[in-house]
1. Does residue 171 satisfy being closer than 28 Å to residue 26 by Cβ and assigned to a strand (DSSP E or B)?
2. Return yes or no: is residue 135 at pLDDT below 90 and under 15 Å from the mean Cα position of the chain (by Cα)?
3. Which number in (1) within 29 Å of residue 56 (Cα to Cα); (2) surrounded by 12 or more Cβ atoms within 10 Å (Cβ to Cβ); (3) in contact (Cβ under 8 Å) with a residue 40 or more places away in the chain marks the one condition that residue 205 misses?
4. So in region 138-168, with the set limited to residues that are crowded, with 17+ Cβ neighbours inside 10 Å and under 17 Å from residue 15 (Cβ atoms), which one is modelled with the lowest pLDDT?
5. Just to be sure, is residue 185 modelled with pLDDT of 90 or more, out of contact with any strand residue (DSSP E or B) (no Cβ under 9 Å at 6 or more places or on another chain) and either in a loop (DSSP other than H, G, I, E, B) or not assigned by TED's automatic domain parsing to the domain that holds residue 55 (or both)?
6. Being buried (at least 19 other Cβ atoms within 10 Å of the Cβ) and more than 16 Å from residue 77 (Cα to Cα) narrows it down to one of 40, 15, so name that one.
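The values are calculated or read from the model by the stated rules, or taken from the named source; none is laboratory data. If you're wondering where the values come from, they're calculated on a predicted model, not measured in any experiment. FYI the Cβ positions are ideal-geometry reconstructions off the backbone, even for glycines, and counts take in every protein chain you see.
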């Protein structure tokens, strides 16, 4: 069993998002022992990684007698956990920035709307082709994500002609950056730091799209959101 203080700190540190796939889980989240409890792994924060139900099943269900694909290793899980905790810590820190340092985030954003966001820029690894589901068997893909200090509501038109009502994503906090090759090269020194990103917001539509929504980047600049400055 996990002590309450470990649960509280782990769930707060990940923002109740899975440390592997980064989806928002709400109550559908489990804490996994990186070193198995049966092998002497302690129920401490250092040995804990919060996961969604699907990723937890993938991590735990590997048959060593009939190996197929690549097993999740403890070092990989630690890297996933530490990278995501760092990303969420960067976003949380921005909550304390003076409002005058960046435009206020609107409560609702619409498809194709151009807006400037402040957030924490990071790169994250996901499962890619052919199924976009399993780190053990799929190709690995690296994406850039912008994690915002607060979420917003996003509305967009349904791709189905018969559906007249817009589709609403109530909690958007992680944006997948759409960048050209030139932009990746231009902005690579801004990774793992606070930034302003200006661009148009679009819905995620396929397996290549991660985060809660997409942003077609028009401009990206570094920022120093010093506390209380």
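1. Yes: the conditions hold for residue 171.
2. No.
3. Answer for residue 205: the failing condition is (2).
4. 149
5. Yes, satisfied.
6. 15
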